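Peer 1: Take this structure first; my questions come after.
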Amino acid sequence: MQLQQMYQEIILDHYKNPHGRGLRDPFDAESFQVNPTCGDEVTLRVHVVDDVVRDVSYDGQGCSISQASTSVLTDLVVGKPVGEAFKKMDAFVELMQGRGKVEPDEDVLEDGIAFAGVAKYPARVKCALLGWMAFKDAVARSQGAA
Amino acid sequence: MTTTAAPLDVTALRADFPILSRTVRDGKRLVYLDSGATSQRPTQVLDAEKAFLQTANAAVHRGAHQLAEEATDAYEGARQRIADFVGADFGELVFTKNATEGFNLVAYAMGNAATSGPEAARFVVGPGDEIVVTEMEHHANLVPWQQLAARTGATLKWFKLTSDGRLDLSDVDSVITPRTKVVAFTHQSNVTGVINPVDVLVAAAQKVGALTVLDACQSVPHGPVDFHALGVDFASFSGHKMLGPSGIGVLYGRRSLLEALPPFITGGSMIELVKMEGSTFAPPPQRFEAGSPMTSQAVGLGAAVDYLTVVGMERIHAHEHALTVAALEGLGSVRGVRLLGPQDAVDRGGAVPFEIEGVHPHDAGQVLDSLGIAVRVGHHCAWPLHRCLNAQSSVRATFYLYNTLDEVDALVDGVREAQKFFGVA
């Protein structure tokens, strides 16, 4: 059934038990992103020290896809240099915009590969990218402020 | 609503809609419950568009050759039939690209009134004036008024909602006051299906000399509507929600008002005399139809109106009412489902919004889609309404003449399926 392809167990696990959820201090910048078609929203904070992502914390309202992908994001980028975090982001964005034709690299995206099935549903791609767009924006703000 | 009309023969009607017999998502029978967003077109409409393009296509209102003549007749003939359908006169209907453009046309034309002649004085709004809307509005009949207020310095006010999602009309006179210049409100909510008491709002507006602008997008397709009888000054509706083509909307304006209203979009076709120093404008409706208009879309909408007339608007309304009652009962019996808006079908059209505890509307819609059931998820361009109902977003099923009780059952079963899939059953 197609539904299971999209909602992999990994996604449902992250949805039910999200990692890193909740807004925390200290942080250098915050970004609020909203998906105007459905009203889903996320507020995400980053704490960057010496060009390393020390913490990502977030809160929001949204579907399982948007919440799970933000949870996976925290696993992928916290503790990583900003450059490496952005490479992972680029890989995730490429996967999501690939209409299901991009083969994900598990070494880079870890749990993020579970979203390969979501990429076949164009209407849900924005959901999967909501937290990532907030991350990109928050890091840019933190660098602008530095 | 009549109880004497014979019920619809939905099986026969469905044969007119080829798209309804297709399958989706690996062979699932399509259950189309999203007509509130856009309706499907019967063969009669598709054939009318095609026949026009194959036999009479030409630019309308220009050229003197035979095709131009026939195309113009087809275009204006459609205007006449649509006018008859909504209780308006021929010259009171303006073709727009969609209903949204109709609201913008009125709002921008009012904004232009300050720099127009004395005949436009009654449309001028400025500091101290008030524009009244409601929390129930689709963004199309809200944002243009916010913008008009912002451009002119007028104040935006609004009717609030009761806890069950109806207009709170307990103190009409405190909202509509002698300062009010325009009252814009929906006939039927695109989210909850609530049908508003147009007479109450028109009477209050007329008492203070304010204009009324009605969003008729969800009423004209689904029941008998007569703009003259309603007494509204302006109304806007769209073709694609009433079995017609996309790319066409209709603005109704009371004749005396359209004659005094300054133009919104300017250019060719809408002029009377053009000199380098300035121009004068054609009488309505041409004044509001600048540029080459849509043609096969107007013809298609004329055919849609013919189709709806033959079926009968009273019967369509009664059919949708029965589906709504069944949906409210079916969904209401599922534990964990919260029906948004009124819990009953009184003064209500065929729209049923709901939430499922523990299943985000987007996820619920995905499960329903996997079963072949097409619904709308999100805020349906009515964000303030959702805030009033304490919902971030919702699942919305909407009904039309071609839907069946079996499809309502499929929806209810699908909701249970979604609960099972996300482990909240």
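The values are calculated or read from the model by the stated rules, or taken from the named source; none is laboratory data. A quick note: this is a predicted structure, and the numbers were derived from the prediction, not measured. Because the Cβ atoms are built from the backbone with ideal geometry, glycine has one as well, and the counts that use them run over all protein chains shown.
Peer 1: Here is a check on your reading of the model: is residue B:292 in contact with an Asp or Glu (Cβ under 7 Å, 6 or more places away or on another chain) and at pLDDT below 95?
Peer 2: Considered against the rule, which asks whether it is in contact with an Asp or Glu (Cβ under 7 Å, 6 or more places away or on another chain) and at pLDDT below 95, residue B:292 comes out as no.
Peer 1: If I ask for residues that are surrounded by 23 or more Cβ atoms within 10 Å (Cβ to Cβ) and more than 9 Å from chain A (Cβ to nearest Cβ), which ones from region B:350-361 would you list?
Peer 2: Of everything in region B:350-361, those that are surrounded by 23 or more Cβ atoms within 10 Å (Cβ to Cβ) and more than 9 Å from chain A (Cβ to nearest Cβ) turn out to be B:350, B:351, B:352, B:353, B:354, B:356.
Peer 1: Given the criterion out of contact with any Pro (no Cβ under 9 Å at 6 or more places or on another chain), among the acidic types (Asp, Glu), more than 13 Å from residue A:129 (Cβ to Cβ) and more than 11 Å from chain B (Cβ to nearest Cβ), identify the matching residue among A:41, A:9.
Peer 2: On inspection, the qualifying residue turns out to be A:9.
Peer 1: Of all residues in region B:186-228, which are under 21 Å from residue B:104 (Cα atoms), part of a strand (DSSP E or B) and in contact (Cβ under 8 Å) with a residue 40 or more places away in the chain?
Peer 2: Answer for region B:186-228, where residues must be under 21 Å from residue B:104 (Cα atoms), part of a strand (DSSP E or B) and in contact (Cβ under 8 Å) with a residue 40 or more places away in the chain: B:186, B:188, B:211, B:213, B:215.
Peer 1: If I ask for residues that are within 10 Å of another protein chain (Cβ to nearest Cβ), hydrophobic (A, V, I, L, M, F, W, C) and either more than 24 Å from residue B:22 (Cα to Cα) or more than 20 Å from the chain's Cα centre (by Cα) (or both), which ones from region B:367-382 would you list?
Peer 2: Within region B:367-382, B:367, B:371, B:381 meet the criteria.
Peer 1: Which residues, taken from region B:139-185, are at pLDDT 95 or above, hydroxyl-bearing (Ser, Thr, Tyr) and not in a helix (DSSP H, G or I)?
Peer 2: Correct list: B:155, B:162, B:170, B:177, B:180.
Peer 1: Just to verify a result, which residue in region B:1-55, among those that are within 14 Å of chain A (Cβ to nearest Cβ) and in a loop (DSSP other than H, G, I, E, B), is nearest to residue B:72 (Cα to Cα)?
Peer 2: For region B:1-55, the residue satisfying everything is B:37.
Peer 1: Give me the helices (runs of 4 or more DSSP H) completely within region A:1-88, filtered to those with at least 1 residues that are touching a Leu at 6+ places or on another chain (Cβ under 7 Å), ordered by residue number.
Peer 2: Fully inside region A:1-88 and qualifying: A:64-77.
Peer 1: Going by the conditions given, is residue B:194 buried (at least 23 other Cβ atoms within 10 Å of the Cβ) and modelled with pLDDT of 95 or more?
Peer 2: When the stated conditions are applied, residue B:194 passes them.
Peer 1: Filter region B:67-124 down to residues that are over 23 Å from residue B:144 (Cα atoms), of a type in the set (A, V, I, L, M) and out of contact with any strand residue (DSSP E or B) (no Cβ under 8 Å at 6 or more places or on another chain) and give me whichever is surrounded by the fewest Cβ atoms within 10 Å (Cβ to Cβ).
Peer 2: B:67
Peer 1: Something else: Give the residue, chosen from B:364, B:391, B:397, that is within 10 Å of chain A (Cβ to nearest Cβ), in contact with a helix residue (DSSP H, G or I) (Cβ under 9 Å, 6 or more places away or on another chain) and under 17 Å from residue B:334 (Cα atoms).
Peer 2: Just a single option satisfies the conditions, and that option is B:364.
Peer 1: What pairs can you find where one residue is in region B:232-261 and without any contact (Cβ under 8 Å) to a residue 60 or more places away in the chain and part of a loop (DSSP other than H, G, I, E, B), the other is of a type in the set (S, T, N, Q) and buried (at least 22 other Cβ atoms within 10 Å of the Cβ), and their Cβ atoms are less than 7 Å apart, with a gap of 6+ or different chains?
Peer 2: Qualifying pairs under 7 Å: B:232/B:212; B:233/B:212.
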